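Comments concern the structure below.
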Amino acid sequence: MANGKVAQASRRPLIDLTGQRFGHWTVLQRAPNGPGKTTRWLCKCELCGREVIVQRNNLTNGKSTRCGKHRQLQAQEAQLLRVSRIARGIVK
Ligand SMILES: [Zn+2]
């Protein structure tokens with residue numbers, strides 16, 4: 001049978017994300033696969049210049065937009081904002 005489709009279906013093509021930007025990430029290069037054969041990429045956080053390996057899924061679905069350092073900062077800022085709103089009577 002002259003059917004080449006079967007052989008191709010078992011191989012998922014790798015989407016090259018090098019140079020693409022997701023939030024504050026810039027993708028530098030391919031990183032070794034993570035547990036469960038997750039595709040991962042080495043990304044650079046433009047906010048602090050840190051280079052971190054990020055799962056491709058987290059990049060493409062918008063879950064990860066910067067390194068963990070800022071997530072923590074953001075949580076603190078949100079908490080401070082909330083406290084100040086409560087103090088001004090905006091939030092009960
Ligand atoms: Zn950062």
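A few points about this structure:
- Extension reserve of the residue 38-residue 51 stretch, reckoned as 0.36 nm per residue once the Cα distance is removed: 2.8 nm
- Charge tally in the Cβ shell below 12 Å around residue 49, where Lys, Arg are +1 and Asp, Glu are -1, residue 49 excluded: +2
- Based on the convex hull around the alpha carbon atoms, the chain presents an average projected area of 9.6 nm².
- Environment charge at residue 72 (Cβ cut-off 14 Å; Lys +1, Arg +1, Asp -1, Glu -1): +3
- The string of couplings for the range 63-74 from the Karplus curve (6.51, -1.76, 1.60, θ = phi - 60°) is 5, 10, 10, 6, 6, x, 4, 7, 4, 5, 4, 4 Hz, one whole number per residue in order, with x for Gly and Pro.
- Every helix of 4 or more DSSP H residues in the chain counts as -39500 (n - 2.57), and over all residues that averages to -9500 deg cm²/dmol at 222 nm.
- In the chain, Cα pairs under 8 Å separated by at least six residues give a relative contact order of 18 percent.
Laboratory data are not the source of any read-out in this text; all were calculated from the coordinates shown. Just so you know, these numbers come straight off a predicted model, no measurement behind them. Here the Cβ is made from the backbone with ideal geometry for all residues, glycine too, and neighbour counts use every protein chain on show.
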